[in-house]
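A quick write-up on the structure given underneath.
The values are calculated or read from the model by the stated rules, or taken from the named source; none is laboratory data. For clarity, every value in this text was computed on a predicted model and none was experimentally measured. Note that we place each Cβ from the backbone using ideal geometry, even for glycine, and neighbour counts take in every protein chain shown.
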Amino acid sequence: MTRIVHLSDLHFGAHDDDLVEAVERQANELKPDLIVVSGDFTQRARTEQFREACAFLGHLRECGHEVLGVPGNHDVPLYDVLRRFLSPLARYRRYIDETLCPFIELPGLAVLGINTARSLTFKDGRINKDQVEFIRETFARTPSEVVRILVTHHPLLALEVGGEVERAIGRQEMALDAVEESGVDMLLAGHNHHASSQDVSDLVTRAGGVLVVQAGTATSTRVREQEQSFNVIDIADGSVTITVHGWTGDDFEAKDANRYQWQNGKWKLRETAEPAH
């Protein structure tokens, strides 16, 4: 079995220290093979906020955890206009990762991150032609039997959150073509502060068979109809179990758990499973 802890929207600068400590403790107890952070490490892309995020990642790595992350729109300066347009992710590169589109291979697993944050948009994300080609080329080099996961901050698809439909990523059709052609199995994203999982066929009629997995905010004080949470993704023998660990006020507790089975070219929800521990 391969285990991924999927965090998102940490928002250092608008975070709760108790939540940060709890995430670190849970990560050590859950013993994941990989920790994925799908963007928004900071609240306003300020140096002190990136330093706090860097210290958090340092603690995880010191405990032996492999970490892969991508930038979010909050990691681009909002009010520093010159920096926003001339060097929007310079602080991210310095404190988080020089690579904006990281890639990692583990036994049975290939995970690629793509940067969707842009200077010209305050909230929405975009993907460009070079990135789409990079997705194709990267996954084309991986063995056909591995589970292929694409990580972005912004969801590739329009999703309903709190009765409102959030906008899909810019150049969505081009991105979904690449997802289908590359045989991507899972899309991991954040941005909406709302945890969910579903087969892509529930949302669009293209993109092949891919499981769409959204993480809530793990450590921010800014929530949207859900408490803070993170996902635990367990992959084994053609099945995927997504367990949402929600904040109780004292610690994170395994709550909703859904098991999906690969069947007839799509992920079929088989059951509500026992929460992963």
Subject >> Tally of residues being under 19 Å from Val240 (Cα atoms) and in contact (Cβ under 8 Å) with a residue 40 or more places away in the chain across region 144-181 >> reply: 5
Original post:
Among the numbered criteria (1) more than 19 Å from Val76 (Cα to Cα); (2) over 18 Å from the mean Cα position of the chain (by Cα), which single criterion is violated by Ala45?
Top reply: (1)
**OP:** Starting from residues that are more than 16 Å from the chain's Cα centre (by Cα) and on the phi > 0 side of the Ramachandran plot, keep the ones in region 7-35 and report whichever is surrounded by the most Cβ atoms within 10 Å (Cβ to Cβ).
**Re:** Gly13
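Identify, from the list Glu164, Glu227, Glu181, the residue that is of a type in the set (Asp, Glu) and either under 17 Å from the mean Cα position of the chain (by Cα) or under 22 Å from Gln26 (Cα atoms) (or both).
Glu227
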Original post:
Taking the condition polar (S, T, N, Q) and at pLDDT below 95, does Ser201 pass?
Top reply: yes
Subject >> region 186-204, subset of a type in the set (Gly, Ala, Ser) and in contact (Cβ under 8 Å) with a residue 40 or more places away in the chain, residue surrounded by the fewest Cβ atoms within 10 Å (Cβ to Cβ) >> reply: Ser201
Original post:
Taking region 167-222, which residues are closer than 24 Å to His74 by Cβ and of a type in the set (Ser, Thr, Tyr)?
Top reply: Ser196, Ser197, Thr217, Thr219, Ser220, Thr221
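Restricting to region 209-222, give me the number of residues that are modelled with pLDDT of 90 or more and assigned to a loop (DSSP other than H, G, I, E, B).
Selection size over region 209-222: 7.
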